[in-house]
Structures are given as structure tokens and as C-alpha cells.
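The block underneath contains the structure these notes are about, expressed in C-alpha cells.
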Amino acid sequence: MRFFVLVLLSLLLTACATSPGTGVRKDFSDRPVETIAVVPFYARGTFGIDPTEFAELRELYEAITVAALRDEGFEVIAPRSTRQYLENADLWEQFVDGIHLTAPLTTYFEPDPERPAIEIATLRQLAASDDFPFDVLLFGQIVYHSEGSCRIQADHYNSYAKVRFAERVPRVGARPCVSSHFQAKLVDVATGHTMWFNRMFVETHTRQIDDHLRRENIALTIRGTVAERDGLRALAPRRPAAPQTADRADQPD
């Protein structure tokens, strides 16, 4: 068990060291986005969670992300609808064959001056089709999710982790905890390149894990990714200001 923990920490530290910068990419900073189509999220395993339960957990991550994006002012196409659109246009198989994500999300949709990667070439090809309905896609990776016991705080080995302690929870020794680690990229379909990237890791130490705590921890992770520092607000639609109504005292008799 100790060996497994050390390997996991090593992988997390390596991922931190090689991750691209967060926030909106310079080439897309002046391009407001109206509609975001969310692609079904992926993970590199189920982290010891039963596959059926993990499928439900992934749907929870997706639903909370869709709600957070809508709160930021975007029109959002949820993952099931994104897939349904592509299936109806007979493009889903081409999409998943060319964009089969198995490595960390940080490695995908990055410019290569010599040769575009297959996922970039696939998006460019799809963009040229009159049947492809999306301009912007959001890809999300559940990097890690755990509900168990913690001895080491996530912020001891991860520079962007946020650790919370419920009331009267001891700071030493093993205690129940929920860990949610997520990252996302907004991708321009025409170029296949990343418009925005961000990530968040939230860990809550508690006395008892329940459904409410699980949802709260995931929600904090998602909002920290899409809505807080380096979030997507800079690309949100610039709505015209609502006309101001004169006060009754200023209205003509």
C-alpha cells in the first residue's frame, strides 16, 4: 500500500511539473463564446470504484459542470446531447476513433508546428463538414476521485490543491476524506487547438462521508476550475447592459 501511495504521489508531481499554463490562451483572448458543447468526460481508470458507481459519479461531474457553465452565462449542450447530435449526423464513430483520449488531458490539443496530432487533424476534418454542428467543445478529465481515509493533505504534494477540514476534525492521523481532482480544456474546432485550460483539486477531511459532502466537494472543484481564478469568465458572452429604469421621482408628471 505504501508503495502504491508513493507511485501515485510521483505521478501527480510529474503531472504538475509538465502541465500547460492555465487560463485563456492569448490567441483566443478576444473571442467571446456563446455556446459550449460538452463532450462526455473521461478518466484513466475508476480509482477502485465499482464501474457502475463510477459511471454515476462521472455523470454527476458532468451535470455540475453544465450547471456551472450556465451560471457563467454560456449556452451549454450537455454531454448526452452532444453525443446524440453526432450520432444523428453519423459522425460519432469518426469522432471517437480520432479523439480517443487515454493520456492526461494536458497532452492533447496543443499546437505542433511540424505535424498536427490525430485529435487535432480529426477536429479540423470534422469542422470542414457541413454536418458538424459545433464551434467550441469542452473536454473534461476526472484526474482522480477518492472517498476513503487520508493521512497526507493534498496540498503537501500538489501546488493548486485546496484542503478543507470540517469542524472538530483532527489535523493528525487518519481521517475520512473526499478528494476530487479535475481538469478541463475548451477547444476551438476549426483549429483543433486549446482556447482555455484549467484544473482544480479539492480535498475535504471530515468525520463522515455522505452524498451531500460528495456533491459539495465536486461542486467546489468544478467551480474552482470554470468559474474562479483562471476560469472561463473572460470568454463569456458580452451581453448588452439592461436599460436603466428612471426612478419614480425622476419620471415626468
(request) For region 131-182, name all the residues that are among the acidic types (Asp, Glu), under 20 Å from the mean Cα position of the chain (by Cα) and under 30 Å from GLN94 (Cβ atoms). (result) ASP135
(request) Identify the residue in region 201-234 that is at pLDDT 95 or above and in contact with a Phe, Trp or Tyr (Cβ under 7 Å, 6 or more places away or on another chain) and, among all such residues, is surrounded by the fewest Cβ atoms within 10 Å (Cβ to Cβ). (result) ILE218
(message) Looking at region 73-98 only, could you name the residues that are among the charged types (D, E, K, R) and farther than 20 Å from GLN141 by Cβ?
(response) GLU75, GLU87, ASP90, GLU93
(request) Please indicate, with yes or no, whether at least one residue in region 183-200 is among the charged types (D, E, K, R), touching a His at 6+ places or on another chain (Cβ under 7 Å) and either at pLDDT below 95 or closer than 26 Å to THR46 by Cα (or both). (result) no
(request) Quick one: in region 97-152, of everything that is polar (S, T, N, Q), outside any strand (DSSP E or B) and touching a Ser or Thr at 6+ places or on another chain (Cβ under 9 Å), which residue is surrounded by the most Cβ atoms within 10 Å (Cβ to Cβ)? (result) THR106
(request) Taking VAL172 as the residue in question, decide whether it is at pLDDT below 95 and either more than 22 Å from GLU62 (Cα to Cα) or buried (at least 22 other Cβ atoms within 10 Å of the Cβ) (or both). (result) yes
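The values are calculated or read from the model by the stated rules, or taken from the named source; none is laboratory data. No experiment lies behind these values; they were computed from the predicted model shown. Cβ sites come from the backbone with ideal geometry, for glycine too, and all protein chains shown count toward neighbours.
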